[in-house]
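Visitor: The structure's right below; bear with me while I get my questions together.
The values are calculated or read from the model by the stated rules, or taken from the named source; none is laboratory data. This one's a predicted model, so the numbers in the text were calculated from it and none came from an experiment. Note that we place each Cβ from the backbone using ideal geometry, even for glycine, and neighbour counts take in every protein chain shown. All accessible areas refer to the heavy atoms of the entire protein, side chains included, with ligands and DNA or RNA removed. Shrake-Rupley method; radii C 1.70, N 1.55, O 1.52, S 1.80 Å.
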Amino acid sequence: MINGKSISLRSLEFEDLTKLRDWRNMEHVKKSTREYRLLNMIDQKNWFESIHVSSPNVIMFGIIKNNKLIGVTGLTYIDWKNRHSEISIYINKKNWQKTSDAKDTLLTIMKYGFGELNLHRLWVEIFETTPENILLFKKMNFVYEGASRQKLWRNNKWWNSQFHSILSKEFKNK
Amino acid sequence: MNVNDIKLRSIRKSDLQLICNWRNDPSIFQFNKQYNLLNMKNQQDWFKTIKDSDKNMLIIEKNLIPIGICGFVNIDHEIHSGDIAIIIGNTKLHKKGIGTIVLEKLIQYGFKNLKLYKIGAEIFEFNLISKKFFEKFNFQHEVTCREALWRNNRYWDIYNYSLLKVE
């Protein structure tokens, strides 16, 4: 267990995969991800295998509150040489971006990335389909780095994605 | 430099040793993310992965002599995008306008043959020549990934540039 203030993180188990599939296929989660298909259990099993290779570039956790799994967070695209990684998070709740649990989860995973893995830079790519995610990371003091044009085709039009990042020297809650 | 002297053709197995030598030249690999030296096993494994693909990488020839390699990496078929890569392996031929001819041909090739909608370029902070080069071709600076590269004992920014087909 890695403990935050209101939540804690635990490793994911094979038995969690069904739940994760259902969450990721929900409209309010799906619209923030790169995935354009609906996920099935074959996808889930392959993904689970892929994060258990030696020196993985993905480290995932389940978010636990009152002994219940409420969401998933982790570090993806970890670049061990250049010391950076993307943060991934979703919580099974509408408007989860506005909850204190979301902020506590991000603080906990940032502490882990900087404090334990000695990463230098944590970044996120957010599609402009989900302004609520942009707001959340702004609140966590992430700095806007720019927008990549035509990064997603959805609902019959092109969307940009925004890049935001925080450097270890900018992170205050060590 | 005459445009017709420069031709792009597909890669053959017999090019691999030459490509390997180019990529191990420090004046070349300092401008890409590579941090280890490559051997012929790396090259042969890589050749297997590109052999059946749709000709994303091409050899640059000047008067029928191979002088470099170019093409598209990180191709995303969903959004029809790819990043440009150009290596003029024969460093004596740098600053002679070959890059300009190659980039012109590649942009054509990317939008027409590979049917891309967006061509990207990743440029390191210290690579001022490439920065100017792509800006000359109207590539737009989209993102500055702050301190995303560790090289020579310090962090450097990485700039993402792009050109859209509609432009």
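Visitor: What's the percent breakdown of Cα-Cα distances in the range B:3-164 across 5 Å bins, shortest bin first?
Guide: Bin by bin from 0 Å, the calculated values are 2, 8, 17, 21, 22, 19, 10, 2, 0.
Visitor: Computed FRET efficiency, Cβ-Cβ of residue B:91 and residue B:166, R0 30 Å: what is it to the nearest 0.05?
Guide: It comes to 0.25.
Visitor: Express the Stokes-Einstein translational diffusion coefficient of the range A:1-82 in µm² s⁻¹, to the nearest whole number, given a Kirkwood radius over alpha-carbon pairs, 37 °C and a viscosity of 0.692 mPa s.
Guide: Numbers: Rh = 13.9 Å.
Diffusion coefficient, whole number: 236 µm²/s.
Visitor: Can you tell me the FRET efficiency between residue A:36 and residue B:137 if r is taken as the Cβ-Cβ distance and R0 is 25 Å, rounded to the nearest 0.05? Write down the numbers at each step before the final one.
Guide: Values: r = 31 Å, r/R0 = 1.24.
Here the calculated transfer efficiency is 0.20.
Visitor: Take residue B:35 and residue B:128, extend 7 Å from each Cα along the Cα→Cβ direction, and tell me the distance between the two endpoints in nm.
Guide: It works out to 2.6 nm between the two label points.
Visitor: So for B:15, B:157, what's the accessible-area order with a 1.4 Å probe, most first?
Guide: B:157, B:15
Visitor: From the backbone phi of the range A:54-65, what are the Karplus-calculated ³J(HN,Hα) couplings (6.51 cos²θ - 1.76 cosθ + 1.60, θ = phi - 60°) in whole Hz, Gly and Pro given as x?
Guide: 6, 5, x, 9, 9, 10, 10, 9, x, 8, 10, 9
Visitor: Would you grab the residues whose amide H sits under 5 Å from the one on residue B:11? Only those 5+ places off in sequence or on another chain, please, with H modelled 1.01 Å from N.
Guide: The answer is B:59.
Visitor: Simple spin-label model, 7 Å along Cα-to-Cβ: residue B:17 to residue A:46 in nm?
Guide: 3.9
Visitor: Quick check: from the Cα gyration tensor, does chain A come out rounded (a/c under 1.5), prolate or oblate?
Guide: Details: a/c = 1.28, a/b = 1.02, b/c = 1.26.
Rounded is the answer for chain A, as its axis ratio a/c remains below 1.5.
Visitor: Return the sequence-ordered ³J(HN,Hα) values of the range A:29-44 in whole Hz as given by the Karplus equation 6.51 cos²θ - 1.76 cosθ + 1.60 applied to θ = phi - 60°, using x for Gly and Pro.
Guide: Those phi angles translate into 8, 4, 5, 9, 9, 6, 5, 10, 9, 8, 8, 10, 6, 5, 4, 4 Hz.
Visitor: Would you kindly find the accessible area of residue A:52, with a 1.4 Å probe and non-protein molecules such as ligands, DNA and RNA excluded, rounding to the nearest 10 Å²?
Guide: The accessible area comes out at roughly 110 Å².
Visitor: Still on this model: Could you order A:153, B:150 by accessible surface area, starting with the largest, using a probe radius of 1.4 Å?
Guide: Largest to smallest exposure gives the sequence A:153, B:150.
Visitor: Between residue B:157 and residue B:113, what's the calculated FRET efficiency when r is the beta-carbon distance and R0 is 30 Å? Round to 0.05.
Guide: 0.40
Visitor: In whole Hz and in residue order, list the ³J(HN,Hα) couplings for the range A:84-95 that follow from phi through the Karplus curve 6.51 cos²θ - 1.76 cosθ + 1.60, θ = phi - 60°; x for Gly and Pro.
Guide: Couplings: 9, 6, 8, 9, 10, 7, 8, 10, 7, 6, 5, 6 Hz.
Visitor: Under a crude label model (7 Å from the Cα following the beta-carbon direction), how far is residue A:1 from residue B:44 in nanometres?
Guide: Modelled inter-label distance: 5.4 nm.
Visitor: Sticking with this one: What does the accessible area of residue B:80 come to, in Å² to the nearest 10, when a probe of 1.4 Å is used?
Guide: 60
Visitor: In addition: Over chain A, what is the relative contact order in whole percent, taking alpha-carbon pairs under 8 Å and six or more residues apart? Kindly include the intermediate steps, with their values, before the conclusion.
Guide: On the way: 267 pairs, mean separation 31.3, N = 174.
Normalised by residue count, the contact order of chain A is 18 percent.
Visitor: Classify the range A:74-174 as rounded, prolate or oblate from the Cα gyration tensor: take a ≥ b ≥ c as the square roots of its eigenvalues, call it rounded if a/c is under 1.5, otherwise prolate when a/b beats b/c and oblate if not.
Guide: oblate
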